[in-house]
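One structure is given here, and the rest of the page talks about it.
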Amino acid sequence: MKLLRQLKDFVTYDADREFYAKVFPESVTKVDLMRLRKMEREDLPQVLKIEANNYQYPWSENIFNDCFTAISYTCWICEDDENIIGYAILSVAAGESHIMNISVDPEAQGLGVGKKMMEHLIEIARKKAETMFLEVRPSNEGAIALYGKLGFNEVGLRKGYYPAANNEREDAVILALELVSLF
Ligand SMILES: CC(C)(COP(=O)(O)OP(=O)(O)OC[C@H]1O[C@@H](n2cnc3c(N)ncnc32)[C@H](O)[C@@H]1OP(=O)(O)O)[C@@H](O)C(=O)NCCC(=O)NCCS
């Protein structure tokens with residue numbers, strides 16, 4: 001089954017790439033040609049490398065392994081034909097969805113990969129949830145700009161949610177997006 005899915009993904013990806021590259025060569029960007037697929041355990045070495053480069057307090061391998069087994073979680077990666085460029089973890093349960101993690105290789109940030117992944121997660125969540133939530137550090141201006149452009153609004157604050165330097169804690173801003181079109 002896994003082999004079949006990988007084969008199908010590969011064919012769809014190559015077919016799309018050739019079609020758009022031939023018919024609309026000017027319109028095809030590197031990010032358009034990236035594809036999203038479910039994360040596999042074999043992806044973890046590359047994922048952990050990006051995680052370590054992006055966060056001062058990165059998730060451990062064990063946390064990612066727990067995400068594979070949690071029934072309400074789906075783990076995604078965005079890749080080009082050589083490397084994993086980004087990944088995201090989504091939880092959907094009881095009509096609510098949560099972005100647990102989203103991260104783009106520092107060398108590929110600012111190109112639209114984060115937006116592409118978020119739009120994918122929103123489409124998936126829409127089928128089962130009314131609202132999408134996420135937490136973000138107030139200091140993370142880039143991420144906040146991305147979420148704002150996607151329509152997220154601030155709905156609350158979690159005091160001392162994140163670890164910070166000198167054994168201190170940083171608050172988390174809670175953002176929410178209504179996924180109304182579904183119901
Ligand atoms: C936050 C993150 C996922 C965004 O992904 P990205 O691929 O860099 O963002 P995109 O290129 O898709 O940007 C999408 C939009 O957000 C805005 N944006 C993204 N980063 C920005 C920044 N640093 N400053 C201002 N705006 C920014 C862009 O203007 C862009 O809008 P546009 O489409 O109108 O140009 C990525 O920067 C990252 O991995 N950061 C480190 C990990 C992290 O902080 N994750 C989020 C935890 S809550």
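Does VAL113 satisfy the condition of being under 26 Å from TYR161 (Cα atoms), surrounded by 15 or more Cβ atoms within 10 Å (Cβ to Cβ) and either of a type in the set (A, V, I, L, M, F, W, C) or free of Cβ contacts under 8 Å to residues at least 40 places away in the same chain (or both)?
So VAL113 fails the test.
Step by step: first the residues of the range 66-88, then only those that are within 16 Å of the ligand (Cβ to nearest atom) and touching a residue at least 40 places away in the same chain (Cβ under 8 Å), then the one that is nearest to GLU130 (Cα to Cα). Which residue is that? Spell out how you get there, then give the answer.
Step one: of the range 66-88, the residues within 16 Å of the ligand (Cβ to nearest atom) are 67, 75-80, 83-88.
Adding the requirement that they be touching a residue at least 40 places away in the same chain (Cβ under 8 Å) leaves 76-80, 84-85, 87.
Working: TRP76: 21, ILE77: 24, CYS78: 25, GLU79: 29, ASP80: 31, ILE84: 30, ILE85: 29, TYR87: 23 Å.
Result: TRP76.
Across the range 49-65, what is the total count of residues that are within 14 Å of the ligand (Cβ to nearest atom) and either of a type outside the set (Val, Ile, Thr) or over 15 Å from the mean Cα position of the chain (by Cα) (or both)? Reasoning before the result, please.
Kept after step one, since they are within 14 Å of the ligand (Cβ to nearest atom), are these residues of the range 49-65: 49-59.
Restricting the remaining residues to those that are either of a type outside the set (Val, Ile, Thr) or over 15 Å from the mean Cα position of the chain (by Cα) (or both) gives 49, 51-59.
Number of matching residues: 10.
Of ILE77, ILE102, ILE85, ILE89, which residue is within 18 Å of LYS127 (Cβ to Cβ), in a strand (DSSP E or B) and modelled with pLDDT of 95 or more? Even if it seems obvious, please write down each step before you answer.
Numbers: ILE77 fails: within 18 Å of LYS127 (Cβ to Cβ); ILE102 fails: within 18 Å of LYS127 (Cβ to Cβ); ILE85 fails: within 18 Å of LYS127 (Cβ to Cβ).
Selected residue: ILE89, the only one of ILE77, ILE102, ILE85, ILE89 that is within 18 Å of LYS127 (Cβ to Cβ), in a strand (DSSP E or B) and modelled with pLDDT of 95 or more.
Among residues belonging to the range 38-68 that are charged (D, E, K, R) and buried (at least 16 other Cβ atoms within 10 Å of the Cβ), point out the one that is farthest from ALA88 (Cα to Cα). Outline the logic, then answer.
Going through the range 38-68, the residues charged (D, E, K, R) turn out to be 38, 40-43, 49, 51, 61, 66.
With buried (at least 16 other Cβ atoms within 10 Å of the Cβ) added as a condition, the list becomes 43, 51.
Working: ASP43: 12, GLU51: 11 Å.
Top of the filtered list is ASP43.
Counting only residues that are under 14 Å from the mean Cα position of the chain (by Cα), within 10 Å of the ligand (Cβ to nearest atom) and not hydrophobic (A, V, I, L, M, F, W, C), how many does the range 111-150 have?
7
Among the residues of the range 135-158, is any hydroxyl-bearing (Ser, Thr, Tyr) and over 16 Å from ALA176 (Cβ atoms)? Break it down into steps so the answer makes sense when it comes.
Pass one, the range 135-158, residues hydroxyl-bearing (Ser, Thr, Tyr): 139, 147.
Then keep just the ones that are over 16 Å from ALA176 (Cβ atoms); that gives 139.
Yes, the range 135-158 contains at least one residue that is hydroxyl-bearing (Ser, Thr, Tyr) and over 16 Å from ALA176 (Cβ atoms).
The values are calculated or read from the model by the stated rules, or taken from the named source; none is laboratory data. Model, not experiment: these values are computed from the prediction. A quick note on method: Cβ atoms are made from the backbone with ideal geometry, for glycine too, and the neighbour counts reach across all protein chains shown.
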